[in-house]
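Engineer: First the structure, which I've put down as structure tokens, then a few questions once you've had a look.
Since every read-out is calculated from the coordinates, none of them should be taken as a lab result. Here the structure is a predicted model, which means the values were calculated and not measured. Every residue, glycine as well, gets a Cβ built from its backbone with ideal geometry; the counts of neighbours run over all protein chains shown.
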Amino acid sequence: MGALIYANLLVLLVLAVATIVSNVSSAERDPAHPECNEVSDNLHKCHHIVKNDTLVNPKIPKCCEGLRTIKNKLLPRLGATKTCQCVRQCVLIHFVSSDPADDLIKLNATFSKLLKICKVDLVDFLNLKAPCPSN
């Protein structure tokens, strides 16, 4: 009897972990816009820095690498309009919390600092108050 209870608990635990993992994965992926997945993956390299507004040196090189990848590899392939839409979609879904107005001001300031540190020009894409540039 004890082995049966143990086996049932193990199955429940495995199902719970699988559900959590699938929810985390689907939160980072948007099936309606698969072309944005690479943009999202690269922008997420800055997530910790931006969400906490801490320009911590060990995390900055990966963030800069992600921003450069968006600028140099994804922008030419997707075009300015689509890249901008993907960047903004990712920011709005994953970076903005319960107080969007306050968050957007902080996000714009932090991204501005990061873009200067990384020497990457994506200002038009991260300025959520301006329209996306056209191709």
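Engineer: Semi-axes of the equivalent ellipsoid of the stretch 34-126: what are they in whole Å, largest first, if each equals the square root of 5 times a C-alpha gyration tensor eigenvalue?
Structural biologist: Semi-axes (√(5λ), whole Å): 19, 16, 11.
Engineer: Relative to the present Cα-Cα distance, how much length would full extension add between residue 94 and residue 41 at 0.36 nm per residue of separation?
Structural biologist: That works out to 18.0 nm of additional length.
Engineer: Could you please rank 94, 48, placing first whichever residue has the fewest other Cβ atoms within 10 Å of its Cβ?
Structural biologist: 48, 94
Engineer: About its Cα centre, what dipole magnitude does the stretch 34-126 give when the only charges are +1 on Lys and Arg Cβ and -1 on Asp and Glu Cβ, stated in debye to the nearest 20?
Structural biologist: Rounded to the nearest 20 debye, it is 380 debye.
Engineer: Just subtract the alpha-carbon distance of residue 116 and residue 102 from 0.36 nm times their residue separation and send over the number in nm, one decimal.
Structural biologist: Result for the pair: 2.9 nm of gain on full extension.
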